[in-house]
Amino acid sequence: MFEITFLGTSASAPSVHRGLSAQIVSHNEHRFLIDCGEGTQRQILQSGLGFKRLERILITHGHLDHILGLAGLVSTFLRWETIDRLEIWAGRWALDRIYDLLYGVVLKGTRAPFPLQLKEIQPGLLLEDDSFQLTAFPVQHRGTGSFGFAFEERSHRPFLVERAEALGVPAGPIRRELVAGAVVTLPDGRRVGPDDVLGLAVPGARLVHVGDCGETGSLLEVARGADALVIEATYLEIEAELARDFGHLTAAQAARLASAAEVKQLLLTHISRRYREREVLDEARRNFPTTMVARDFDQFKVMKEKTRPPAKTGRG
């Protein structure tokens, strides 16, 4: 399961009700901040999530409304020493701007009291452990070296309790060994293997996150079958030409991508102050009914469920 918390959902500039782009994705002990618009550290505090284990920041691209909050956040980390290390992942152009912001202003004349790494994103695998993997993929947005991110749980084989009981496999460590892939010997000398008590592999949950974006054709395959797709909806179709000129999507375009890719849930963000939320939602739902417009501090759990889309669990 993944949980995503929207900290800022406004496009380009903050509004009274929406901060600038930032989200936190959580999975087990891992926490990832995606983008860090101005005011993000205050949003983190107001959300109640705090700074603990917030050691990896993923930047979709280097436009200022997605990175300016890094200055304040890193400055706070310097004073409070709330983390042991910090990794900031971004494309080359974005990293150059982030370097100037941090080392030319925040860290000028000093040094961080913890390891600080600026890591260049290349398409492909960024991180993995026994339970999930994180990959990056290119996104077209005004030639800025933009990236999206796919969070995917590893598939697992469910333990079939009834079959185990029929074979006389006792509860306890011996069952854990079978789940781990080992062949075990029962007290009566019979040998039982994983294939005897495990079902067919079940795919894990998949969350696909796209920041600012000017076209959807290249995203179809990476989004296909996702349990949740997070993507911008900066414009409405009535201003599709403006969307094209500035390298953004309309709500209808985002929804048509979700429909073509057969995702389970569409979560729209990067909402312009020029529209009412209801207008954005109505346009999207005409093309893909299972759509929600995210608000600041909304939380969603993304799980592999056959009958139900990701559940909204937080405020907003």
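The values are calculated or read from the model by the stated rules, or taken from the named source; none is laboratory data. It should be emphasised that the depicted structure is a prediction, and the values quoted were computed from it without experimental measurement. Quick reminder, even Gly has a Cβ in these numbers, built from the backbone with ideal geometry, and neighbours come from all protein chains shown.
Residues in segment 96-142 that are small (Gly, Ala, Ser) and more than 18 Å from Leu219 (Cα to Cα): Gly104, Gly109, Ala112, Ser131. Looking across segment 273-305, the residues that are under 23 Å from Leu33 (Cα atoms) and among the acidic types (Asp, Glu) come down to Asp296, Asp298. Among the residues that make up segment 198-212, is at least one of them closer than 12 Å to Leu257 by Cβ and of a type outside the set (Ser, Thr, Tyr)? Yes, segment 198-212 contains at least one residue that is closer than 12 Å to Leu257 by Cβ and of a type outside the set (Ser, Thr, Tyr). From Leu219, Leu198, grab the single residue that is under 30 Å from Pro158 (Cα atoms) and either in contact with a strand residue (DSSP E or B) (Cβ under 7 Å, 6 or more places away or on another chain) or crowded, with 20+ Cβ neighbours inside 10 Å (or both). None of the other options fit; the residue is Leu198. Close Cβ contacts (under 9 Å, 6 or more residues apart or on different chains) running from residues in segment 171-193 that are under 18 Å from Val161 (Cβ atoms) to residues that are among the aromatic types (Phe, Trp, Tyr) comprise Arg175/Phe159; Leu178/Phe159; Val179/Phe159. Among the numbered conditions (1) outside the structural domain of Val25 (by TED's automatic domain parsing); (2) assigned to a helix (DSSP H, G or I), tell me where Tyr99 comes up short. Looking at each condition in turn, Tyr99 falls short on (1).
Do the conditions hold for Arg256, that is, is it more than 13 Å from Ile231 (Cα to Cα), among the charged types (D, E, K, R) and surrounded by fewer than 21 Cβ atoms within 10 Å (Cβ to Cβ)? Walk me through how you get there before you give the answer.
Values: more than 13 Å from Ile231 (Cα to Cα): no; among the charged types (D, E, K, R): yes; surrounded by fewer than 21 Cβ atoms within 10 Å (Cβ to Cβ): yes.
The answer is no for Arg256.
For segment 181-211, the tally of residues that are under 28 Å from the mean Cα position of the chain (by Cα) and not charged (D, E, K, R) stands at 11.
Evaluating Asp188 against the criteria (1) assigned by TED's automatic domain parsing to the domain that holds His141; (2) more than 23 Å from Arg276 (Cα to Cα) leaves one unmet condition, (1). In segment 33-50, the residues that are closer than 13 Å to Gln299 by Cα reach residues that are assigned to a strand (DSSP E or B) and of a type in the set (D, E, K, R) with C-beta atoms within less than 9 angstrom, at least six apart or across chains, in these pairs: Leu49/Arg31. Count of segment 178-194 residues, restricted to those that are surrounded by 14 or more Cβ atoms within 10 Å (Cβ to Cβ) and not in a helix (DSSP H, G or I), is 2.
On inspection, Leu249 does not qualify as buried (at least 24 other Cβ atoms within 10 Å of the Cβ), free of Cβ contacts under 8 Å to residues at least 60 places away in the same chain and under 23 Å from Gln43 (Cβ atoms). Of everything listed in (1) aromatic (Phe, Trp, Tyr); (2) under 25 Å from Glu232 (Cβ atoms); (3) in contact with a helix residue (DSSP H, G or I) (Cβ under 7 Å, 6 or more places away or on another chain), the single unmet condition for Phe159 is (2).
Residue check: is Leu242 under 23 Å from Phe151 (Cα atoms) and out of contact with any Pro (no Cβ under 6 Å at 6 or more places or on another chain)? Judged against the criteria, Leu242 is not a match.
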